[in-house]
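For reference, the structure discussed in these notes is given below.
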Amino acid sequence: MNDVIHLLPDHVANQIAAGEVVQRPASVIKELLENSIDAGGQNIKVLVKEAGKTLIQVTDDGKGMSLTDARMCFERHATSKINTAEDLFSLKTKGFRGEALASIAAIAHVEMKTRPGDEELGTCIKIEGSEVVSQEPCVTPEGTTICVKNLFYNIPARRNFLKSDTVELRHIIDEFQRVALAHPGIQFSLFHNGSELFQLPESNLRQRIVNIFGGKTNEKLVPVTEETDIIGINGFVGKPEFAKKSRGEQFFFVNDRFIKSPYLNHAVTAAFEGLLKDKAYPSYFLYLQVDPKSIDINIHPTKTQIKFDDEHALYTILRSSIKHSLGQFNVAPVLDFDRDSTLDTPYEFSRKGVTTPKIEVDPNFNPFKSEGSSGYSSGGYRKANSTGSWESLYTGLESEDLKSPDSFEQVEFESDEVTGKLFDKSEHDGGGTTFQLNKKYIVTTLKSGLLVIDQHRAHSRILYEELLKNITVSSAVSQQLLFPLQLQFSTNEIELLREIKESLEQTGFIFSEFTKDSVEITGIPTQISESEVAILLEQLLSDLENEVPGAGFSQVDILSKSLAKGMAVKSGTSLNPHDQQNIVNSLFACKETSLSPYNKPIFITLTVDELDKKFM
Ligand code: ADP
Ligand code: MG
């Protein structure tokens, strides 16, 4: 048999290694930033075009490279950072594999200019697909500039795999922030397509966090410090009342390196136990210092995972020091999240004068007779227009059974709604052909059975179709706000908002001003109340950020779904008969009636036949 085994040529090996190191433009940014920091850069500037697909350029004022090093650094396993395997256990630098530059040069057009402080002239070197194209002396400032163009130009499959510019830019901003947060003492800036996204001066940690996440962040931060034999902790956690709906602002750094650790994350969450609303994530920026010998960074090629020697002890120390801080800064005891939010005064009533309550006794009150609720009248749900065409879908349903208000006399269901009127605004139209079960389902009769409708899903579907229509066909009217609403956002969020601004305006939002970390809103969609705006937008941004890659949904679709979800009546909300009927009518006027925007069933039917079988 012939010998078949041979060594791969270098450029092929490099391309393969690149598959591990460089997943997307953001990975290049991370590697280049880390090199600049290792080189002692104090001012690091990043330029990006088209989310890094056409250009990524990182300039530092670090120690630069000699002529030979400039050539060497693109070789695989070329590193100045370790000499022996033992060095791995006392790493003080970010890089050590000597793989990044070789990998990047294998899959892009790379141009590097570099000059060490003690030389007059620098070196300019051009490499394309691992081939050195040219190398010559050049005039350049002290430090290094690396320019990476046309990433994946020779691997079309990888290039096609890249996501939209929005998504890729998000990844870039994420990496940039992680590095910038780990090194507040270094000046960083980031420009995209010529516009400045971040300009971060050298500062202390708190100031760095505020510069990245916006002015309002400052008052939300609670400092955490702890010094023990095995770990030093410092940094900040966000006050619980500012906890976010997405995991956006959660950062662990171990020895100034960003890491992900579900285990330690759990420790933080445990410290917040009882202080957070459902599904809220606390913000944290925590910096752990441990002996490099006690960790193994080398277990993951992109180095965001880490193994600690004594995880269990770290968990306990972390949790108790955060608990301590929350207690010390008096954050914990004043909060009462168990309060029933349905008892909150709806916004439109908050400015109404106080009226003395009157006791009214309804002589016809009969607790066993079904009556619609009246408590629900706050801003969440305004009448959706029924277009009337639903009747055709609904034929056969309107029958004498339906008309008879007594047809539910036999049915037992919770009647906790009849406990008096909270507000004087409810409308009763008398004709009770629907009723609510558990404040969750709307039940109505069919000619030959029952229809049980999930109120939240039904309303989501109605609003979703309405929003889609508004955005794509005709814009919606908006309600003008008496006083403009000022909302704070982080730089990323502002970027995203800018991008979807037009669509949002079609739904009824009016933005009067965009700054670097806030927006001013003067009009909102008619379906929501002012107090809901902040939560709705926050949820929307989080949904857009977590856009399922490649699922083929357009931004408009995600936007409509998210807003619909946020605006729709929640389960647990009482609906008066009028609102119930409105939902039923509007639902059957929809193009799709049986599935929610998230593809969940909206209603089930229970036919007389099925009932008959149950009684056999
Ligand atoms: P590693 O960072 O793991 O050593 P890299 O491929 O990222 O591997 O870099 C190879 C070497 O090139 C580094 O060890 C360093 O000596 C040199 N180098 C890379 N970037 C810079 C820079 N911005 N300034 C000075 N030297 C650099
Ligand atoms: Mg490196």
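The values are calculated or read from the model by the stated rules, or taken from the named source; none is laboratory data. No experiment lies behind these values; they were computed from the predicted model shown. Note: ideal-geometry Cβ built from the backbone for every residue, glycine included; neighbour counts use all protein chains shown.
Residue 218 meets the conditions (1) surrounded by fewer than 16 Cβ atoms within 10 Å (Cβ to Cβ); (2) under 30 Å from residue 70 (Cα atoms) in every case but one. The failed one is (2). Looking at 531, 574, just one residue is under 30 Å from residue 442 (Cβ atoms) and in a loop (DSSP other than H, G, I, E, B), and that residue is 574.
Test residue 586 against the criterion of being assigned by TED's automatic domain parsing to the domain that holds residue 507, free of Cβ contacts under 8 Å to residues at least 24 places away in the same chain and assigned to a helix (DSSP H, G or I), and give yes or no. Answer is no for this residue. Here the condition is being within 21 Å of residue 179 (Cα to Cα), surrounded by fewer than 18 Cβ atoms within 10 Å (Cβ to Cβ) and within 14 Å of ligand 2 (Cβ to nearest atom); of 94, 49, 81, 30, it holds for 81 alone. Taking the numbered list (1) part of a loop (DSSP other than H, G, I, E, B); (2) touching a residue at least 40 places away in the same chain (Cβ under 8 Å) in turn, residue 203 passes all entries but (2).
For the residues 206, 115, the requirement of being buried (at least 20 other Cβ atoms within 10 Å of the Cβ) and farther than 24 Å from residue 49 by Cα singles out 115. The numbered conditions (1) in the same structural domain as residue 242 (by TED's automatic domain parsing); (2) modelled with pLDDT under 90 are all true for residue 288 except (2). For the stretch 82-107, a residue qualifies if it is assigned to a helix (DSSP H, G or I) and over 28 Å from residue 132 (Cα atoms), and the qualifying residues are 85, 86, 87, 88, 89, 90.
Counting only residues that are near ligand 1 (Cβ under 6 Å from one of its atoms) and of a type in the set (A, V, I, L, M, F, W, C), how many does the stretch 85-101 have? Total meeting the criteria: 3. Among the numbered conditions (1) closer than 22 Å to residue 149 by Cβ; (2) crowded, with 17+ Cβ neighbours inside 10 Å, the only one that residue 37 does not meet is (1). Suppose the filter is under 19 Å from the mean Cα position of the chain (by Cα), among the aliphatic types (A, V, I, L, M) and at pLDDT 90 or above; does residue 224 pass it? It is false that residue 224 is under 19 Å from the mean Cα position of the chain (by Cα), among the aliphatic types (A, V, I, L, M) and at pLDDT 90 or above.
Taken over the stretch 592-604, residues that are exposed (fewer than 12 other Cβ atoms within 10 Å of the Cβ) and in contact (Cβ under 8 Å) with a residue 24 or more places away in the chain amount to 1. Tell me, yes or no, whether the stretch 109-130 has at least one residue that is under 39 Å from the mean Cα position of the chain (by Cα), under 30 Å from residue 296 (Cβ atoms) and not polar (S, T, N, Q). The answer is no, given that none of the residues of the stretch 109-130 is under 39 Å from the mean Cα position of the chain (by Cα), under 30 Å from residue 296 (Cβ atoms) and not polar (S, T, N, Q). Output the residue which, of all residues in the stretch 36-59 that are part of a helix (DSSP H, G or I) and in contact with a Ser or Thr (Cβ under 9 Å, 6 or more places away or on another chain), is farthest from ligand 1 (Cβ to nearest atom). Filtering the stretch 36-59 for residues that are part of a helix (DSSP H, G or I) and in contact with a Ser or Thr (Cβ under 9 Å, 6 or more places away or on another chain), the one farthest from ligand 1 (Cβ to nearest atom) comes out as 51.
I'd like to check something: does the stretch 469-487 contain any residue that is in the same structural domain as residue 528 (by TED's automatic domain parsing), touching a residue at least 60 places away in the same chain (Cβ under 8 Å), surrounded by fewer than 21 Cβ atoms within 10 Å (Cβ to Cβ) and among the small types (Gly, Ala, Ser)? The answer is no; no qualifying residue exists. Answer with yes or no whether residue 222 is assigned by TED's automatic domain parsing to the domain that holds residue 45 and among the hydrophobic types (A, V, I, L, M, F, W, C). Here the answer is no, as residue 222 does not meet what is asked.
Scanning the stretch 455-482 for residues that are in a loop (DSSP other than H, G, I, E, B) and aliphatic (A, V, I, L, M) yields 473, 476, 477.
Residue 62 meets each of the listed conditions (1) surrounded by fewer than 18 Cβ atoms within 10 Å (Cβ to Cβ); (2) within 11 Å of ligand 1 (Cβ to nearest atom) apart from (1).
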